[in-house]
1. Failed condition for ALA219, given (1) hydrophobic (A, V, I, L, M, F, W, C); (2) within 23 Å of PHE75 (Cα to Cα); (3) assigned to a helix (DSSP H, G or I), with all others met?
2. Which residue pairs have Cβ atoms under 6 Å apart, sit 6 or more places apart or on different chains, and have a first residue in the stretch 26-53 that is of a type in the set (Ser, Thr, Tyr) and a second that is surrounded by 21 or more Cβ atoms within 10 Å (Cβ to Cβ)?
3. Out of the residues in the stretch 103-118 meeting the condition of being assigned to a helix (DSSP H, G or I) and of a type in the set (Phe, Trp, Tyr), tell me which one is surrounded by the fewest Cβ atoms within 10 Å (Cβ to Cβ).
4. In the list VAL215, VAL241, VAL269, which residue meets the criterion of being in contact (Cβ under 8 Å) with a residue 12 or more places away in the chain, within 23 Å of ASN140 (Cα to Cα) and more than 17 Å from the chain's Cα centre (by Cα)?
5. Among ALA121, ALA100, which is the only one that is farther than 26 Å from GLY230 by Cβ, in a helix (DSSP H, G or I) and at pLDDT 95 or above?
6. Looking only at the stretch 240-275, how many residues end up being surrounded by 15 or more Cβ atoms within 10 Å (Cβ to Cβ) and of a type in the set (Gly, Ala, Ser)?
7. Using beta carbons and a limit of 7 Å, which pairs, at least six apart or on different chains, have the first residue in the stretch 84-97 and in contact (Cβ under 8 Å) with a residue 60 or more places away in the chain and part of a loop (DSSP other than H, G, I, E, B) and the second one surrounded by fewer than 17 Cβ atoms within 10 Å (Cβ to Cβ) and among the hydroxyl-bearing types (Ser, Thr, Tyr)?
8. Looking at LEU253, LEU259, LEU263, LEU202, which one is at pLDDT 95 or above and farther than 19 Å from GLN117 by Cβ?
Amino acid sequence: MKQVLLEFAIGDTSYVLRAYSTFYTLAWLVAPIVGVWFARRRGLPWRRVLAVYALALMAGIVGARALDLFVAWRFYAEEPSRIWAAGWTGYSLYGGFVFATLVGYILARRFKVPPWQLADAAVPALVVGQLLMRTGCFLNGCCYGLPTSLPWGVRYPVGSHVWAAQLTSSSRGLLNGFAGLVDPVHPTQLYEMAGAVLFGMLALWLMHRHAADGVPALAYAIGFTLVRLGNGFLRVKQNVVTAPTWFYPVLYLSLAAILAAMLLWRIRVGRSRQL
């Protein structure tokens, strides 16, 4: 785990490439390009697709901040300027997903791009984006899990977020903490990456099998949402989160139910067109 990837100087100015911000920037830049490339291979007009993806991404950033305002309202109430801060923290992923999806659908209709085909083409982009973002989280040591005795538990070094949290919570004891003893934790970042890859492969397989438009995207969305649901029980709750503990499970289950209903509808539409 390495929070700083590279330090260098140009002239009298020093620069630091941090894992978290670097990989998040790469995700925002690379994911839309992957989506456009895949959409073009599927015969969609790439310029209009690029416009939809880029605008939906910007809308997703707004949606992610909006949901974070709700789940961590006290953090923003203490310092209202944080609402408009353009830093790398203060975003809730599913607020971004939901808002980007709604805006993307509206834009797809406006630009005359088939919305369900556009959603299917976005799956590889979402997978790449998740892999890059969670790599940044893993290296940075944030979004970590609860302590575990499982053999794949990850032991973060002294000075990491995990070490600081265990030290201040006295779960290891002050002496052990200062001695550099850190309990291994669930690598929840890696769990999420594995879930994205698994259900991304499922979506690609469904596309290869010529499933009805929208079925691959919905299958991916359901699977990844359930991964987030399970992962939520293994992640450490951040101190800034003020939403009740039941909020995210209810959100994920509700979204999964809605997506499942939409999946059944798209399957029926596909079957009716084959008759």
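The values are calculated or read from the model by the stated rules, or taken from the named source; none is laboratory data. Computed from a prediction, not measured in an experiment: that's the story for all the values here. Cβ: placed from backbone, ideal geometry, glycine included. Neighbour counts: every protein chain shown.
1. ALA219 satisfies all of (1) hydrophobic (A, V, I, L, M, F, W, C); (2) within 23 Å of PHE75 (Cα to Cα); (3) assigned to a helix (DSSP H, G or I) except (2).
2. Listed by first residue and then by second, the contacts come to TYR53/PRO32; TYR53/GLY35.
3. Taking the stretch 103-118 as the starting set, the residues that turn out to be assigned to a helix (DSSP H, G or I) are 103-110, 115-118.
Those left that are additionally of a type in the set (Phe, Trp, Tyr): 105, 116.
Details: TYR105: 16, TRP116: 18.
Once the filter is applied, the top-ranked residue is TYR105.
4. Details: VAL215 fails: within 23 Å of ASN140 (Cα to Cα); VAL269 fails: within 23 Å of ASN140 (Cα to Cα).
Sole residue among the options that is in contact (Cβ under 8 Å) with a residue 12 or more places away in the chain, within 23 Å of ASN140 (Cα to Cα) and more than 17 Å from the chain's Cα centre (by Cα): VAL241.
5. Details: ALA100 fails: farther than 26 Å from GLY230 by Cβ.
Going through ALA121, ALA100 in turn, the sole match is ALA121.
6. Residues meeting the conditions: 4.
7. TRP88/SER21
8. Details: LEU259 fails: farther than 19 Å from GLN117 by Cβ; LEU263 fails: farther than 19 Å from GLN117 by Cβ; LEU202 fails: farther than 19 Å from GLN117 by Cβ.
That would be LEU253, the only listed residue that is at pLDDT 95 or above and farther than 19 Å from GLN117 by Cβ.
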